[in-house]
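S.K.: Below are the structure tokens for one structure; questions will follow.
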Amino acid sequence: MQDNETSFLDSTTTQTTKRHTKPALPQTDAQQMWGGRFSEATDSFVAAFTASVGFDQRFAKQDILGSIAHATMLNRCGILNDADVSLIIEGLQQVQAEIDAGEFNWSIILEDVHMNVESRLTDIIGSVGKKLHTGRSRNDQVATDIRLWLRDEVDNIIALLVKLQSGLLDLAEQHTDTIMPGFTHLQTAQPVSFGHHVMAWFEMVYRDTERLIDARRRINQLPLGSAALAGTTFPIDRSITAELLGFEGICENSLDAVSDRDFAIEFTAAASILMMHLSRMSEEIILWMSAQFDFVKIPDRFCTGSSIMPQKKNPDVPELVRGKAARVFGQLLTLLTLMKSQPLAYNKDNQEDKEPLFDCVDTLTGSLLAFADMLPNMVPNKANMRAATMKGYATATDLADYLVRRGVAFRDAHAIVGKAVALAIDKQLDLSELKLEDLQPFSDAIGADVFDYLTLEGSLNARDHLGGTAPNQVRQAIARGRARLSKFK
Ligand code: ARG
């Protein structure tokens, strides 16, 4: 019996050891981290196909900061001891130093930034490094990293937007009295102040900035602590991690936190609207730089020449920005489609969120860098703008309004002015160049003072209310714009 028992125990021990020993099969480095239940090595094509380290190493800094905060929180909650956490933090700092020095050996076999960093940490500090992942999953880790990274990029973008807007205010201020034709249907409509036109751009970009500031609030929420999808069994305190990382809130639901990328979609949507605005400004600048308009010049550093036509100076920067809007719109659709129909919670599909988001941020940042320098240095050709305003009967509405103030109904006034314009076209003159005798046959209401209203300055000054193009109003709009902008700084 004794013997039997001993042998039974022995054999049990042997069997147990056998069962718990990993099969002697080849394993990739990544499999060392999760391959306990696997019976063959990952196919090398599959390893490369599923890896994200080629692009997600871009947020290594955020990954390391997130890990330091996570380890600190584990320590404060009594889950990791002081000695372990100190080792982990020092090790992570060394990993960061290696990355900064360009000495880090990124391994595609280790799949992504998270496992590359963790594996190197364990190389450096030994098996204590393996404790870092306590109470955490790559699912909440990656969601945290992208949010931290995007938050920094949004701050950089907002700083560029503020620079652009302050340049627009300066440009507008120099040109409150510069007159240009305002267009509808790209046909001459009414005279406007160039400063007023520039302030229209300011308003567009201002709303874009507000949209990004608003989106930033929803980006800046902490997913960490959600672990794989359901939370963790350890007594963590997520408010510590949130505070350490500067998050202004904590994602309330673990399933949602690891899964949704709506914050990235929202950013890309705001970026798309912004690029749409930049493309509209680009289109105007391109038109205005043509020989036919000749309204503005931008510095040569934003233009290129033609290899065949020596006379050419092409507005490449605005043209490219107009074209790049298409990329950002495309990335918005990519992210929406990526998220569409994904069941809760994390799915590997989400790995595809990074490249579109990076491209969107890079495209937007580049476009804004160019615009923030180019637009404030744009020089209008005042004489050409004025001459163009004189061409298209831009003060016809002023004549109609003049008649209305003298008791003519607006529709009748419209018809009278139409006839006067036809006569002016016939005579190849502007309305202001017609004689009083030419005008009076169209209406008894026309007096000698009509010419005060037909000048370009008269036309501008008459639109003297909030939002109007009177230089006096434009100056006030600029002052209000400066005060509004100072809130973003
Ligand atoms: N590289 C992954 C991503 O970008 C990280 C999360 C992986 N999680 C997982 N359970 N495989 O989404």
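S.K.: Whenever you get a sec, compute what percent of the accessible area on region 248-357 sits on carbon and sulfur atoms (1.4 Å probe). Show your work: numbers first, answer last.
M.R.: Numbers: 3070 of 5460 Å².
Of all accessible area on region 248-357, carbon and sulfur atoms account for 56 percent.
S.K.: Would you please give the residues with an amide H less than 5 Å from that of residue 304, counting only those at least 5 places away or on a separate chain, with H modeled from the backbone geometry?
M.R.: 314, 316
S.K.: Give me the accessible area per residue for the chain, probe 1.4 Å, as a whole number in Å². Write out the running numbers ahead of the final one.
M.R.: Working: 23730 Å² over 489 residues.
On a per-residue basis, the chain sits at 49 Å².
S.K.: In whole Hz, with x marking every Gly and Pro, tabulate ³J(HN,Hα) for region 359-371 from phi via Karplus 6.51 cos²θ - 1.76 cosθ + 1.60, θ = phi - 60°.
M.R.: Coupling constants for region 359-371: 4, 5, 5, 5, 5, 5, 4, x, 4, 6, 4, 5, 5 Hz.
S.K.: Once each part is reduced to its C-alpha centroid, what is the distance from region 457-488 to region 101-170 in angstrom?
M.R.: 44 Å
S.K.: On to the next question. Roughly to the nearest percent, how much of the accessible area of region 424-489 is carbon and sulfur, given a 1.4 Å probe? Write down the numbers at each step before the final one.
M.R.: Working: 1900 of 3710 Å².
Whole-percent figure for carbon plus sulfur exposure: 51.
S.K.: For the chain, would you read off the P(r) tail past 41 Å as a percentage of all alpha carbon pairs? Present the calculation step by step, with values, prior to reporting the outcome.
M.R.: Working: 51909 of 119316 pairs.
For the chain, the fraction of Cα-Cα distances above 41 Å is 44 percent.
S.K.: Evaluate the relative contact order of the chain (contact order divided by residue number), counting alpha-carbon pairs under 8 angstrom at least 6 apart; express in whole percent. Walk me through the numbers before you get to the answer.
M.R.: Details: 643 pairs, mean separation 77.2, N = 489.
With pairs under 8 Å counted, the relative contact order is 16 percent.
S.K.: Put a dot 7 Å past each Cα toward the Cβ at residue 255 and residue 452; how far apart are the dots in nm?
M.R.: Each label point lies 7 Å from its Cα, and together they span 7.3 nm.
S.K.: OK, next. Please give the residues of region 419-457, grouped as numeric ranges, whose backbone N is less than 11 Å from a label point set 7 Å along the Cα-to-Cβ vector of residue 405.
M.R.: Zone members listed by number: 449-454.
S.K.: Rg to Rh for region 36-114: what is it, with Cα atoms only and Rh by Kirkwood?
M.R.: The Rg/Rh ratio comes out at 1.07.
S.K.: While we're looking at this one, here's another question. Less than 20 Å from a label point 7 Å out along the Cα-to-Cβ axis of residue 436: which backbone N atoms in region 403-426 qualify, by residue?
M.R.: 403-408, 417, 420-421, 424
S.K.: Which cross-chain or sequence-distant (5 or more) residues have an amide H under 5 Å from the amide H of residue 192, H modelled 1.01 Å from N in plane?
M.R.: 180, 182
S.K.: Next up: Measure nothing fancy, just the Cα-based angle from helix 82-100's long axis to the longest principal axis of the chain, in degrees from 0 to 90, nearest 10.
M.R.: 50 degrees
S.K.: Then there's this: What distance in nm separates the two pseudo spin-label positions at residue 484 and residue 37, each 7 Å out from Cα along the beta-carbon direction?
M.R.: 5.7 nm
S.K.: To continue, here is another question. What dipole magnitude, in Debye to the nearest 20, does the chain give about its Cα centre under +1 on Lys/Arg Cβ and -1 on Asp/Glu Cβ? If you can, show how the numbers build up before the last one.
M.R.: Numbers: 49 positive and 64 negative charges, 172 e Å.
Roughly 820 debye, rounded to the nearest 20.
S.K.: Put +1 on the Cβ of every Lys and Arg and -1 on every Asp and Glu Cβ in the chain; which of 72, 193, 36 then has its Cα farthest towards the positive end of the dipole?
M.R.: Farthest towards the positive pole: 193.
S.K.: For region 371-489, what relative contact order do you get, as a whole percent, if you take Cα pairs closer than 8 Å and at least 6 residues apart?
M.R.: Computed value for region 371-489: 20 percent relative contact order.
S.K.: Write out the GluC sites (Glu not before Pro) in region 72-140 meeting two conditions: DSSP loop, and at most 11 other Cβ atoms within 10 Å of their Cβ.
M.R.: Details: sites: 90, 98, 103, 111, 118; in loops: 103, 111.
When the GluC sites (Glu not before Pro) of region 72-140 are filtered for loop state and at most 11 Cβ neighbours within 10 Å, 103 remain.
S.K.: For residue 222, enumerate residues with amide H under 5 Å from its amide H, sequence gap 5+ or separate chain, H modeled in the peptide plane.
M.R.: 249, 250, 251
S.K.: Report the local net charge at residue 190: Lys and Arg +1, Asp and Glu -1, summed over other residues whose C-beta lies under 11 Å from its C-beta. Write down the numbers at each step before the final one.
M.R.: Details: positive: 463; negative: 398, 401.
It works out to a net charge of -1.
S.K.: Follow-up. Given charges of +1 on the Cβ of Lys and Arg and -1 on the Cβ of Asp and Glu, with all other atoms neutral, how large is the dipole of region 160-294 about its Cα centre, in debye to the nearest 20? Before the final figure, lay out the partial values.
M.R.: Details: 9 positive and 18 negative charges, 41 e Å.
Its charge dipole is roughly 200 debye.
S.K.: May I ask you to list the lysines whose Cα is less than 28 Å away from that of residue 419, ignoring any residue fewer than eight positions away on the same chain?
M.R.: 391, 427, 435
S.K.: Next question, about the same structure. Where does the chain land at 222 nm, in deg cm²/dmol rounded to the nearest 500, when only DSSP H runs of n ≥ 4 count, each adding -39500 (n - 2.57), divided by all residues? Write out the running numbers ahead of the final one.
M.R.: Working: 21 runs with 305 residues, N = 489.
When only DSSP H runs of four or more count, the value is -20500 deg cm²/dmol.
S.K.: Between residue 184 and residue 475, what is the label-point separation in nm under the 7 Å Cα-to-beta-carbon projection?
M.R.: Between residue 475 and residue 184, the simple spin-label model gives 2.9 nm.
S.K.: Sticking with this one: Each residue of region 295-305 in order: what ³J(HN,Hα) in whole Hz does its phi give by Karplus 6.51 cos²θ - 1.76 cosθ + 1.60, θ = phi - 60°, with x for Gly and Pro?
M.R.: 8, 9, 10, 10, x, 4, 5, 9, 10, 9, x
S.K.: Scale the Cα Rg of region 158-254 by the rule-of-thumb value 2.2 N^0.38 Å and send over the ratio, two decimals. Spell out each step's value before the answer.
M.R.: Working: Rg = 23.1 Å, N = 97, 2.2 N^0.38 = 12.5 Å.
Relative to the 2.2 N^0.38 Å estimate, region 158-254 comes out at 1.85.
S.K.: Same structure, new question: Using the alpha-carbon atoms, what tilt in degrees (0 to 90, nearest 10) does helix 60-76 show relative to the longest principal axis of the chain?
M.R.: The two axes meet at around 50 degrees.
S.K.: How high is the relative contact order of region 31-121? Use alpha-carbon pairs under 8 Å, at least six apart in sequence, and give a whole percent. The partial results should precede the final answer.
M.R.: On the way: 68 pairs, mean separation 39.2, N = 91.
It comes to 43 percent, rounded to a whole number.
S.K.: So what J values fall out for region 125-139 if you push phi through Karplus, 6.51 cos²θ - 1.76 cosθ + 1.60 with θ = phi - 60°, rounded to Hz, Gly and Pro as x?
M.R.: So the Karplus estimates, Gly and Pro as x, are 9, x, 5, 4, x, 6, 7, 4, 7, 4, x, 9, 9, 5, 5 Hz.
S.K.: For a quick check of your reading of the filter: which trypsin sites (Lys or Arg not before Pro) in region 287-321 sit in a DSSP loop and have no more than 15 other Cβ atoms within 10 Å?
M.R.: Working: sites: 297, 301, 312, 313; in loops: 312, 313.
Answer by residue number: 312, 313.
The values are calculated or read from the model by the stated rules, or taken from the named source; none is laboratory data. Since this is a predicted model, take the numbers as computed values, not measurements. As a convention, Cβ positions derive from the backbone with ideal geometry for all residues, glycine included, and neighbour counts pool all protein chains shown. Heavy atoms of the whole protein, side chains included, go into the accessibility calculation; ligands, DNA and RNA do not. Shrake-Rupley method; radii C 1.70, N 1.55, O 1.52, S 1.80 Å.
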